Amino acid sequence: MLLAKKTFYIALVLGCIGFTACESNFRDIQKIHDKAPFYPAGIAEHMRGQYIDSGRVKAILVSDKMLDYSTVKYKFTEFPEGIHLTFFDNDNNKNTVVADYAIQYTATELIDLRGNVVITTYDNKKLESDQLYYNQKLDWFYTNGKYKASTDLENFTQGVGVDFDGKLNVIKARNSYAESIKKEN
């Protein structure tokens, strides 16, 4: 009986030591995990997606690569090889957005477009920039970087810093100037 009690106490002490050792290792593993890079939950290559509402195609998104980070704390979708977005307004007019890189943040509904960003509307309005943000909730674009906007082939505005609505109707430019190029006959 005395041997059984000793064996029980020895097993209990070893179990407590083993349990506390595991806890310490678990915390170390958690620290490593918090610093480790995260990986996409999904990868799509050569993708073409359509947004359809009430039986009408509203937008077509084409990208060579899409990375879905929907399992991380601050969810986002990344397009490391760029995007070509065609969207149609209520009158079915075709407009495009092209960028070398894009990232969409799910919670804030903010899209960051980078590298050779070009927006072209059906009526030949055009905006070019190196970086442009788009707030999906407000349908509002903005940049603090350089931009060039044109309403036709002869008139353009360029400068640093601009924000505007999704239809390029309301434009608030900062530090900009306008030029008109007239061709002589």
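The values are calculated or read from the model by the stated rules, or taken from the named source; none is laboratory data. None of these values were measured; they are calculated from a predicted model. We place every Cβ from the backbone using ideal geometry, glycine too, and count neighbours over all the protein chains shown. Protein only, heavy atoms only, side chains kept; ligands, DNA and RNA dropped before computing areas. Shrake-Rupley method; radii C 1.70, N 1.55, O 1.52, S 1.80 Å.
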Quiz item: Only one of (1) open to solvent by 40 Å² or more (accessible area, probe 1.4 Å); (2) acidic (D, E); (3) on the phi < 0 side of the Ramachandran plot is not met by E78, so which one is it?
Solution: (1)
Quiz item: Just one of the numbered conditions (1) part of a strand (DSSP E or B); (2) in contact with a strand residue (DSSP E or B) (Cβ under 6 Å, 6 or more places away or on another chain) is not true of Y122; which one?
Solution: (1)
Practice problem: Search the range 87-108 for residues that are within 24 Å of S54 (Cβ to Cβ) and pair each with any residue that is in a loop (DSSP other than H, G, I, E, B) and open to solvent by less than 50 Å² (accessible area, probe 1.4 Å) when their beta-carbon atoms are under 6 Å apart and the residues are at least 6 apart or on different chains. | Solution: N95/T121
Quiz item: Hey, does the range 152-165 have a residue that's in a loop (DSSP other than H, G, I, E, B), in contact (Cβ under 8 Å) with a residue 12 or more places away in the chain and surrounded by 13 or more Cβ atoms within 10 Å (Cβ to Cβ)?
Solution: no
Exercise. Please name all residue pairs, on different chains or six or more residues apart, with Cβ atoms under 7 Å, provided the first residue is in the range 46-58 and is more than 15 Å from N95 (Cβ to Cβ) and in a strand (DSSP E or B) and the second residue is at pLDDT 90 or above and open to solvent by 100 Å² or more (accessible area, probe 1.4 Å).
Key: none
Practice problem: Output the number of the condition that N90 fails; it satisfies all remaining conditions of (1) open to solvent by 80 Å² or more (accessible area, probe 1.4 Å); (2) of a type outside the set (D, E, K, R); (3) within 14 Å of the chain's Cα centre (by Cα). | Solution: (3)
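I need the full set of residues from the range 105-147 which are polar (S, T, N, Q), surrounded by 15 or more Cβ atoms within 10 Å (Cβ to Cβ) and within 15 Å of G159 (Cα to Cα), in order please.
Of everything in the range 105-147, those that are polar (S, T, N, Q), surrounded by 15 or more Cβ atoms within 10 Å (Cβ to Cβ) and within 15 Å of G159 (Cα to Cα) turn out to be S129, Q131, T143.
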Quiz prompt | Residues of the range 47-63 classified as open to solvent by 50 Å² or more (accessible area, probe 1.4 Å) and within 15 Å of the chain's Cα centre (by Cα), total | solution = 1
Exercise. Would you be able to say whether some residue in the range 12-33 is at pLDDT below 90, in a strand (DSSP E or B) and not hydroxyl-bearing (S, T, Y)?
Key: no
Quiz prompt | Pairs with Cβ under 7 Å, 6+ apart, first in the range 115-132 and farther than 19 Å from V170 by Cβ and among the small types (G, A, S), second open to solvent by 70 Å² or more (accessible area, probe 1.4 Å) and not in a strand (DSSP E or B) | solution = G115/D100
Self-check item: Out of F38, F76, sole residue that is modelled with pLDDT under 95, within 17 Å of the chain's Cα centre (by Cα), over 18 Å from A102 (Cα atoms) and among the aromatic types (F, W, Y)
Solution: F38
